[in-house]
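Taking it in order: structure first as structure tokens, then the write-up.
The values are calculated or read from the model by the stated rules, or taken from the named source; none is laboratory data. Being a predicted model, the structure only gives us computed values, none of them experimental. We place every Cβ from the backbone using ideal geometry, glycine too, and count neighbours over all the protein chains shown.
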Amino acid sequence: MKSSQRGSLSRPAATVIAGTVLWFAGITPAQRVYTTADPAHRLEILKRSGGKWVAGQHVAAMGTAAVPVAFAALAREFPRGRARALAGTAATALLAGAPMFVWCLADRGSDIERFAYRKASWWPFTVYAWSHVATLAALAGAFAALPAPRPTRTALALAGTSAASAAVLAATGDIPPFVFYLAEGAAAVVLLRRTPDDGGDAPAPRR
């Protein structure tokens, strides 16, 4: 019984992690373009990257689409009640925001000069970023509502990341999206290791 309960969470959690890894693989090419201030230099970096940059946008788009679908499957495995409702809210927020970032990625891949000079529309990324803020807040509540012993530290970390991200977004209008994927991937790791006998903050016992 214990192994089946653990398995119901571990499979979709592993899919979340795989989607997160895929997303990170997609944004890896031409990393310096994100930290370079001069637009002409950014364009030069993108031109030198050749097809790697465009291919990376396709890979990142696959990861962007896979993560919310995996979270939707994961939410169905949460215990009935408040935990499942909040996990479903998190998945819904991700599903709503993902197309916005896929739009951004398509724009980045199709017109590197526009991306280098930051002339693209700002609102799709803003919608996408705020959807992740909502996701992290809902996930924090879902973790806090899990049966005792609860993964309280994880819930607090998710809530703190959501609050900090909201503050940065409100102040600057921008935030590195890897912050969201790190937090969500870490939450999936906790669920991957969770058993009925622990709250998810400790490794599963050896059998």
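Worth pointing out:
- When region 23-39 is limited to residues that are part of a helix (DSSP H, G or I) and crowded, with 19+ Cβ neighbours inside 10 Å, the one that is nearest to the chain's Cα centre (by Cα) turns out to be Trp23.
- Residue check for Arg84: free of Cβ contacts under 8 Å to residues at least 40 places away in the same chain and of a type in the set (D, E, K, R): no
- Among (1) without any contact (Cβ under 8 Å) to a residue 60 or more places away in the chain; (2) surrounded by fewer than 20 Cβ atoms within 10 Å (Cβ to Cβ) - the single one Ala93 does not satisfy: (2)
- Checked against the criterion of being in contact (Cβ under 8 Å) with a residue 60 or more places away in the chain and not in a helix (DSSP H, G or I), the candidates Phe71, Phe78 yield just one match: Phe78.
- Conditions (1) over 14 Å from the mean Cα position of the chain (by Cα); (2) touching a residue at least 40 places away in the same chain (Cβ under 8 Å); (3) farther than 17 Å from Ser131 by Cα: number failed by Ala55: (2)
- Residues that are in contact (Cβ under 8 Å) with a residue 40 or more places away in the chain and in a helix (DSSP H, G or I) were ranked within region 112-124; the one that is farthest from Ala91 (Cα to Cα) is Glu113.
- Taking region 19-36 as the range and being small (Gly, Ala, Ser), modelled with pLDDT of 90 or more and within 9 Å of Trp53 (Cα to Cα) as the test, only Gly26 passes.
- The numbered conditions (1) touching a His at 6+ places or on another chain (Cβ under 9 Å); (2) small (Gly, Ala, Ser); (3) free of Cβ contacts under 8 Å to residues at least 12 places away in the same chain are all true for Ser165 except (3).
- Some residue of region 54-67 being of a type outside the set (A, V, I, L, M) and surrounded by fewer than 19 Cβ atoms within 10 Å (Cβ to Cβ): yes
- Looking only at region 129-154, and only at residues there that are out of contact with any Asp or Glu (no Cβ under 6 Å at 6 or more places or on another chain) and assigned to a loop (DSSP other than H, G, I, E, B), the one that is modelled with the lowest pLDDT: Pro149
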